[in-house]
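Student: The structure under discussion is supplied below as structure tokens; questions concerning it will follow.
The values are calculated or read from the model by the stated rules, or taken from the named source; none is laboratory data. The model shown is predicted, which means the values in this text are computed figures rather than measured ones. For neighbour counting, all protein chains shown are included, and Cβ atoms are generated from backbone atoms with ideal geometry for every residue, glycine included.
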Amino acid sequence: MTLRLVIALCLSFGLSLPLAAQDKPLEMLESGLQVQGWEGVGRIDIGQRGHCTGALISERLVLTAAHCLFDRDTHLRARDDELLFRAGFRNGRAAAEGRVLRSVVHPRYDPRAGTGLDNVSHDLALLELTHPIRNRGVTPFDVWSEPRRGDQVGVVSYARGRLQAPALQERCQVLERDRSGVLMMTCSVDFGSSGAPVFRLSQGRAHIVSVVSAMGTGSLGGVVHDVSLGVSLGPRLDELRAALAARDRRFIQAPEAESSTARSMSAGGGARFLRP
């Protein structure tokens, strides 16, 4: 998605730069061999308005960020028939494609509230596809326990300048886990990376532990450094699954447009975040 809002937040990381220096650079997954095992990550096309990243967590469910479903200016929610999930998309072709039957966002997510930590902590959405994706090689990812400060994670995402193929950052760091459940990470993200799955590897398998919500800068060891924010899953994802199963309209029904602008959540500086 495109830029929506820049907010100043008061955050103290208290970490030194050597932690971030352990990160691996982005690797483009442009060949069939490189993308093997990551085909469950895909590009989400949102009508003619933009793109996000999402990942299959079952044959019919795609995990992404809630703000991907809202227009950055009007805050109107995209129609479900405008959304197209393109699994393993690279060089103009997808391993599989799926139209969206229903989408669901957490009721505590407010499209007008920007990147305050409480809003980011609920920036989560599920897309239910019209038909299950059962193509050979496109395997849904398991969802695993949440990472802690100091853990190594990885991200697969699409983004501005690399919308034709995904990129893998095999290793980046969790700097902090806020009380609200927001993960602060050194992972490299850009516009279009919203909704990208954050992974941990266990016994050679990748498990999703978070979803990318925002990016910005923060002070690490007294030096300004790029950081990214991720959404904790756990009970929030369980709520969304249950809402889909129960057809709970508090979650599924698109909220009506409001004319108010996004409220400021400035706490005096320290870090700046915006929607990737």
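Student: SER180 fails exactly one of the following numbered conditions: (1) in contact with a helix residue (DSSP H, G or I) (Cβ under 9 Å, 6 or more places away or on another chain); (2) in a strand (DSSP E or B). What is the number of that condition?
Tutor: It is condition (2) that SER180 fails.
Student: Restricted to region 138-154, and to residues that are of a type in the set (Val, Ile, Thr) and more than 18 Å from the chain's Cα centre (by Cα), which residue is surrounded by the most Cβ atoms within 10 Å (Cβ to Cβ)?
Tutor: Looking at the filtered set, the residue picked out is VAL138.
Student: While we're looking at this one, here's another question. Can you spot a residue in region 112-125 that is surrounded by fewer than 18 Cβ atoms within 10 Å (Cβ to Cβ) and in a loop (DSSP other than H, G, I, E, B)?
Tutor: Our first condition is that a residue be surrounded by fewer than 18 Cβ atoms within 10 Å (Cβ to Cβ); within region 112-125, this holds for 112, 118.
Filter once more, keeping what is in a loop (DSSP other than H, G, I, E, B): 112.
Checked against the condition, which is being surrounded by fewer than 18 Cβ atoms within 10 Å (Cβ to Cβ) and in a loop (DSSP other than H, G, I, E, B), region 112-125 yields at least one hit.
Student: For a quick check of your reading: which strands (runs of 3 or more DSSP E) sit entirely within region 185-276 and have at least 1 residues that are among the acidic types (Asp, Glu) and modelled with pLDDT under 85?
Tutor: Filter on region 185-276 gives 223-232.
Student: Could I ask something else about it? What pairs can you find where one residue is in region 66-87 and within 21 Å of ARG236 (Cβ to Cβ), the other is of a type in the set (Phe, Trp, Tyr) and surrounded by 16 or more Cβ atoms within 10 Å (Cβ to Cβ), and their Cβ atoms are less than 6 Å apart, with a gap of 6+ or different chains?
Tutor: From residues that are within 21 Å of ARG236 (Cβ to Cβ), the pairs are ALA66/TYR109; ARG77/PHE70.
Student: Out of the residues in region 188-211 that are without any contact (Cβ under 8 Å) to a residue 60 or more places away in the chain and surrounded by 24 or more Cβ atoms within 10 Å (Cβ to Cβ), which is farthest from GLN36 (Cα to Cα)?
Tutor: The first filter runs over region 188-211 and keeps only residues without any contact (Cβ under 8 Å) to a residue 60 or more places away in the chain, leaving 198-204.
Now narrow it down to the ones that are surrounded by 24 or more Cβ atoms within 10 Å (Cβ to Cβ): 198-199.
Values: VAL198: 17, PHE199: 16 Å.
If we take residues in region 188-211 being without any contact (Cβ under 8 Å) to a residue 60 or more places away in the chain and surrounded by 24 or more Cβ atoms within 10 Å (Cβ to Cβ), then VAL198 is farthest from GLN36 (Cα to Cα).
Student: Something else about it: If you go through region 44-59 one residue at a time, how many are of a type in the set (S, T, N, Q), outside any strand (DSSP E or B) and at pLDDT 95 or above? Give the derivation first.
Tutor: First, pick out the residues of region 44-59 that are of a type in the set (S, T, N, Q): 48, 53, 58.
Among the residues that remain, those that are also outside any strand (DSSP E or B) are: 48, 58.
Now drop any that are not at pLDDT 95 or above, which leaves 58.
Summing the residues that are of a type in the set (S, T, N, Q), outside any strand (DSSP E or B) and at pLDDT 95 or above in region 44-59 gives 1.
Student: Let me ask something additional. Going residue by residue through region 64-71, is there one that turns out to be in a loop (DSSP other than H, G, I, E, B) and modelled with pLDDT under 95?
Tutor: Yes, that holds for at least one residue.
Student: Something else: Please go through region 39-59 and give me each residue that is out of contact with any Phe, Trp or Tyr (no Cβ under 7 Å at 6 or more places or on another chain) and crowded, with 21+ Cβ neighbours inside 10 Å, ordered by number. Working first, answer last.
Tutor: Kept after step one, since they are out of contact with any Phe, Trp or Tyr (no Cβ under 7 Å at 6 or more places or on another chain), are these residues of region 39-59: 39, 41, 45-50, 52, 58-59.
Result: GLU39, VAL41, CYS52.
Student: So for region 171-186 (the condition being of a type in the set (Val, Ile, Thr), under 18 Å from GLU39 (Cα atoms) and without any contact (Cβ under 8 Å) to a residue 60 or more places away in the chain), does at least one residue qualify?
Tutor: No, every residue in region 171-186 fails to be of a type in the set (Val, Ile, Thr), under 18 Å from GLU39 (Cα atoms) and without any contact (Cβ under 8 Å) to a residue 60 or more places away in the chain.
Student: Provide a single number: the residues in region 163-173 that are at pLDDT 95 or above and surrounded by 18 or more Cβ atoms within 10 Å (Cβ to Cβ).
Tutor: Qualifying residue count, region 163-173: 6.
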